Amino acid sequence: MKAAIIGYGKSGAAAEKLLRLKCFESIDIFDDKNEKYADIAEYKNEYDLICVSPGIDLNKYTNICGNITSEIELAYEEMNKNAKIIAITGTNGKSTTTHITAQIINNAGLKAAACGNIGYPYGMAVLEKDADVYVIELSSFQIELLKKFNAVSGCIINVTQDHLDRYKTMDKYYKAKLMLLDFIDKDGLFVTNTDKIIKAEVQKHNIKTTYIDDDLINYPKYNGKILDFGKFEIDTSKFKLFGKHNLINLSYALTMADKVCDFKGDVSDLLENLTSMPHRTELIAETGGVKWINDSKATNVDSVYTALQSIEKPSILLIGGRDKKSDYKPLVDLINKNISKVCYFGEAADLIKNQISSFLKDVEEECFDSLKNCIKTLAENTKSGTTVLLSPACTSFDEFKSYEDRGVKFKEYVLEYTK
């Protein structure tokens with residue numbers, strides 16, 4: 001048998017291993033780095049199976065037909081069917097929620113693997129881990145490719161403006177996220193917020209649903225210390241991740257983990273060793289009285305909005321990268337309130353500045369051609385007591401391989417120039 005893989009990132013590499021496990025004798029890679037296979041349309045009739053990586057926009061491959069699959073589908077076929085799946089999506093918070101859900105389940109005594117769009121492919125987790133529960137972060141792109149898949153619990157944390165470079169409209173973006181509802185087990189649990197569009201779609205499905213409100217008034221009930229879920233509760237003083245947004249992420253994590261762990265009473269001990277996600281409002285250094293915070297994973301405006309709520313003046317915002325046709329004006333009020341200086345960097349520097357500059361009040365501005373030059377300048381001139389926040393609101397692909405690569409390089413630049 002012969003297979004093709006379109007796109008060869010981490011997901012594509014996992015797909016290749018899964019295909020070899022299925023005894024495909026020949027596997028061709030179609031990738032922008034491989035000139036020979038620049039256009040699969042010329043070769044499509046040669047393959048028994050075509051595996052598409054989530055970063056590939058199928059609208060650009062309109063001639064492809066036949067047996068199309070994905071790394072998620074291939075992994076699901078190989079997974080031990082006694083294992084359970086928790087599927088997590090949303091515009092913001094999905095990686096953190098995936099990360100802490102798996103930790104909570106492990107703390108409760110089951111073996112959980114955090115995988116998927118979080119950076120560790122589900123396929124690799126199936127091949128390398130003997131897990132009781134696979135906690136899978138799914139992007140909208142990955143959900144669109146699902147065919148056979150079943151989750152005991154799943155969630156859409158939120159849907160806000162993102163990926164309009166691919167979807168063009170919010171209606172199409174919502175539709176992609178809401179496809180997850182088709183893959184929740186009939187006896188499973190769906191968790192979401194009080195978004196009216198999501199609620200309307202949920203009503204078309206016969207799925208038990210729990211709604212978590214953003215103010216944590218109705219479910220769970222929060223009194224400033226205790227999160228009360230009814231059948232169980234936790235003391236948040238043992239929770240080390242800061243910000244109300246992380247209490248919401250924790251609420252999703254505990255609600256979905258309860259589906260496989262069945263919590264009762266006080267379960268606060270599950271929180272004591274929880275860690276945050278790398279590249280998500282991560283304090284990486286404090287030198288000369290200056291705090292450097294890595295929020296490289298903030299690749300959209302809503303993520304940056306959340307980060308800006310957690311700091312105060314004097315602070316410097318580093319924003320830029322490759323634009324996703326975003327509207328940056330919603331950040332203006334929080335920048336005026338909490339930011340002393342905005343540093344625009346990378347490919348989108350001028351575009352972002354042109355959108356928001358005229359609305360800023362008493363906020364210094366400076367443009368840089370690269371993140372490296374930005375850090376070099378700030379390291380030489382930033383006063384003690386200042387917080388420097390990298391929260392880009394853009395993809396990293398103008399300068400870097402990924403948001404992880406951007407975060408790692410940010411750390412390296414800070415350590416190099418603040419010696």
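The values are calculated or read from the model by the stated rules, or taken from the named source; none is laboratory data. In this text the structure is predicted, and so the values were computed from the model without any measurement. All Cβ positions, even for glycine, are placed from backbone atoms using ideal geometry, and neighbour counts span all protein chains on display. When the accessible area is computed, the model is the full protein with side chains, heavy atoms only, and any ligands, DNA or RNA have been set aside. Shrake-Rupley method; radii C 1.70, N 1.55, O 1.52, S 1.80 Å.
Per-structure values
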{"item": "Tabulated pairs, region 156-172, first part of a helix (DSSP H, G or I), second of a type in the set (S, T, N, Q), C-beta under 7 angstrom, 6+ apart or interchain", "result": "Met170/Gln161"}
{"item": "Residue that is modelled with the highest pLDDT [pool: residues in region 39-59 that are assigned to a loop (DSSP other than H, G, I, E, B), surrounded by fewer than 18 Cβ atoms within 10 Å (Cβ to Cβ) and more than 26 Å from the chain's Cα centre (by Cα)]", "result": "Asp48"}
{"item": "Positions within region 358-370 being over 28 Å from the mean Cα position of the chain (by Cα) and surrounded by 15 or more Cβ atoms within 10 Å (Cβ to Cβ), in sequence order", "result": "Leu360, Val363, Glu366"}
{"item": "From Thr209, Thr160, Thr192, residue being more than 25 Å from Ser268 (Cα to Cα) and not aliphatic (A, V, I, L, M)", "result": "Thr160"}
{"item": "Test set (1) touching a His at 6+ places or on another chain (Cβ under 9 Å); (2) modelled with pLDDT under 95; (3) closer than 24 Å to Met277 by Cα; (4) not acidic (Asp, Glu) - Ala176 fails condition number", "result": "(3)"}
{"item": "Per-region count, region 278-310, residues assigned to a loop (DSSP other than H, G, I, E, B), modelled with pLDDT of 90 or more and surrounded by fewer than 20 Cβ atoms within 10 Å (Cβ to Cβ)", "result": "2"}
{"item": "Selection status of Cys394, closer than 30 Å to Tyr8 by Cα and either surrounded by 23 or more Cβ atoms within 10 Å (Cβ to Cβ) or under 22 Å from the mean Cα position of the chain (by Cα) (or both)", "result": "yes"}
{"item": "Unique match (being out of contact with any strand residue (DSSP E or B) (no Cβ under 8 Å at 6 or more places or on another chain), without any contact (Cβ under 8 Å) to a residue 40 or more places away in the chain and within 17 Å of Ser251 (Cα to Cα)) among Phe239, Phe232", "result": "Phe239"}
{"item": "Any chance Lys186 is open to solvent by 40 Å² or more (accessible area, probe 1.4 Å) and in a strand (DSSP E or B)", "result": "yes"}
{"item": "Filter pass, Gly12 being touching a strand residue (DSSP E or B) at 6+ places or on another chain (Cβ under 9 Å), modelled with pLDDT under 95 and open to solvent by less than 10 Å² (accessible area, probe 1.4 Å)", "result": "yes"}
{"item": "Which numbered condition Ile248 fails, given (1) touching a helix residue (DSSP H, G or I) at 6+ places or on another chain (Cβ under 8 Å); (2) in contact (Cβ under 8 Å) with a residue 40 or more places away in the chain", "result": "(1)"}
{"item": "Per-region count, region 77-89, residues farther than 16 Å from Leu146 by Cβ and assigned to a loop (DSSP other than H, G, I, E, B)", "result": "4"}
{"item": "Positions within region 345-357 being touching a residue at least 24 places away in the same chain (Cβ under 8 Å) and open to solvent by less than 60 Å² (accessible area, probe 1.4 Å), in sequence order", "result": "Phe345, Gly346, Ala348, Ala349, Ile352, Gln355, Ile356"}
{"item": "Any hit, region 139-151, residues being assigned to a loop (DSSP other than H, G, I, E, B), touching a Pro at 6+ places or on another chain (Cβ under 9 Å) and not polar (S, T, N, Q)", "result": "yes"}
{"item": "Residue satisfying condition, being open to solvent by less than 30 Å² (accessible area, probe 1.4 Å), among the β-branched types (Val, Ile, Thr), at negative phi and in contact with a Cys (Cβ under 8 Å, 6 or more places away or on another chain), within set Ile105, Ile143, Ile100", "result": "Ile105"}
{"item": "In region 183-206, residue farthest from Asp171 (Cα to Cα) [restricted to those that are of a type in the set (A, V, I, L, M, F, W, C) and under 22 Å from the mean Cα position of the chain (by Cα)]", "result": "Leu189"}
{"item": "Subset tally (residues that are modelled with pLDDT under 90 and open to solvent by less than 10 Å² (accessible area, probe 1.4 Å)) for region 254-276", "result": "0"}
{"item": "Test: Lys36 is at negative phi, outside any loop (DSSP other than H, G, I, E, B), among the charged types (D, E, K, R) and at pLDDT 85 or above", "result": "no"}
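To keep it simple, each residue is scored yes or no on (1) part of a helix (DSSP H, G or I); (2) modelled with pLDDT of 95 or more; (3) open to solvent by 80 Å² or more (accessible area, probe 1.4 Å).
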| position | (1), (2), (3) |
| --- | --- |
| Tyr219 | no, yes, no |
| Gly224 | no, no, no |
| Ile234 | no, yes, no |
| Ser237 | yes, no, yes |
| Leu241 | no, no, no |
| Tyr252 | yes, yes, no |
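To keep it simple, each residue is scored yes or no on (1) out of contact with any Phe, Trp or Tyr (no Cβ under 7 Å at 6 or more places or on another chain); (2) under 27 Å from Leu164 (Cβ atoms); (3) among the polar types (S, T, N, Q).
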| residue | (1), (2), (3) |
| --- | --- |
| Val260 | yes, no, no |
| Met277 | yes, yes, no |
| Leu283 | yes, no, no |
| Asn300 | yes, yes, yes |
| Ala307 | yes, yes, no |
| Pro314 | yes, no, no |
| Pro330 | no, yes, no |
| Lys341 | yes, no, no |
